[in-house]
Amino acid sequence: MPVRINPSILAADFAHLARELDRISSADAVHVDVMDNHFVPNLTFGIPVVERLLQVTELPLDMHLMITDVDRWAPSFAELGVFSVTFHAEATDEPVALARRLRQIGARAGLAIKPGTPVEPYLEVLDEFDQLLVMTVEPGFGGQSFMPETMGKLVAAREVASRSGLDVWLQVDGGINLQTIEVAARAGADTFVAGSSVFGADDAGEQVGLLRQKALEHTHVA
């Protein structure tokens, strides 16, 4: 099973984002956390910054919308031409309809769930999404500790995906480093968001490679 490493620019040097993106050129995508200070108590990037990111990197943009009004804003981000748009299940009453809209625009559609949100209601409609993001920390801030109690959700999602033959990526976000990536990979994750452990390294590109190797060595076997 292939694995993907998507460094989160939430941990990058905001004053030199173009340079920071060059440091992770070996990554599979750039994870971009959009926060509105309503859904989570933090405020980050908006559409103008994302438009500029698209101009300065050839890496796909993996958008993670931690905002309340996703039914309005998620399609707007998709229309920019980003690779994927992930929105939170807790922020919409119609996740399937929104995912279909994003796919229609041309972006991959992802669904994210907080640590306290059960995964079971969404397993029945897993085929409507290209990606399921299991948060391994409370969304809002980088640098938090990995929550191993969230791994049961990954195990359940991987079982459904394997049994049904679904081509859905299972992503984890929060506290991912060279130790915790092994735990997440064994539980069934194949797409890993890493912030501090990548951008805090002297050689971010080398760290991406080390994370990828660790994940490959511990990939879940169906």
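The values are calculated or read from the model by the stated rules, or taken from the named source; none is laboratory data. Bear in mind the structure is a predicted one, so any value in this text is a computation, not a measurement. Every residue, glycine as well, gets a Cβ built from its backbone with ideal geometry; the counts of neighbours run over all protein chains shown. Side chains included, ligands, DNA and RNA excluded: accessible areas come from the protein's heavy atoms. Shrake-Rupley method; radii C 1.70, N 1.55, O 1.52, S 1.80 Å.
Annotations
- Considering residues of the stretch 126-145 that are open to solvent by 20 Å² or more (accessible area, probe 1.4 Å) and modelled with pLDDT of 95 or more only, the residue nearest to Gly174 (Cα to Cα): Asp130
- Residue tally, condition within 13 Å of Glu58 (Cα to Cα), out of contact with any helix residue (DSSP H, G or I) (no Cβ under 8 Å at 6 or more places or on another chain) and surrounded by 19 or more Cβ atoms within 10 Å (Cβ to Cβ), over the stretch 1-43: 2
- The stretch 152-173, residues that are under 16 Å from the mean Cα position of the chain (by Cα) and open to solvent by less than 10 Å² (accessible area, probe 1.4 Å): Leu154, Ala157, Val168, Leu170, Gln171, Val172
- Neighbours by Cβ (under 7 Å, 6+ apart or cross-chain): first from the stretch 67-94, among the hydroxyl-bearing types (Ser, Thr, Tyr); second in a helix (DSSP H, G or I) and surrounded by 16 or more Cβ atoms within 10 Å (Cβ to Cβ): Thr68/Ala91; Thr92/Val70; Thr92/Asp71; Thr92/Leu98
- Within the stretch 46-60, considering residues that are more than 17 Å from Arg19 (Cβ to Cβ) and under 16 Å from the mean Cα position of the chain (by Cα), the one least open to solvent (accessible area, probe 1.4 Å): Val50
- Ala27 vs. criteria touching a Pro at 6+ places or on another chain (Cβ under 8 Å), under 25 Å from Thr136 (Cβ atoms) and hydrophobic (A, V, I, L, M, F, W, C): yes
- Whether a residue is assigned to a strand (DSSP E or B) and either of a type in the set (A, V, I, L, M, F, W, C) or modelled with pLDDT of 95 or more (or both) was assessed, and Val96 does not pass this test.
- If the condition is being open to solvent by less than 50 Å² (accessible area, probe 1.4 Å) and either basic (Lys, Arg) or under 23 Å from Pro41 (Cα atoms) (or both), then the stretch 111-125 contributes Leu111, Ala112, Ile113, Pro115, Thr117.
- The stretch 163-183: number of residues that are within 22 Å of Met63 (Cβ to Cβ), outside any loop (DSSP other than H, G, I, E, B) and touching a Pro at 6+ places or on another chain (Cβ under 9 Å): 1
- Conditions (1) open to solvent by 60 Å² or more (accessible area, probe 1.4 Å); (2) farther than 20 Å from Gly142 by Cβ; (3) under 15 Å from the mean Cα position of the chain (by Cα): number failed by Gly188: (1)
- Residue ID - farthest from the chain's Cα centre (by Cα), chosen from residues in the stretch 209-222 that are surrounded by fewer than 23 Cβ atoms within 10 Å (Cβ to Cβ) and touching a residue at least 60 places away in the same chain (Cβ under 8 Å): Ala222
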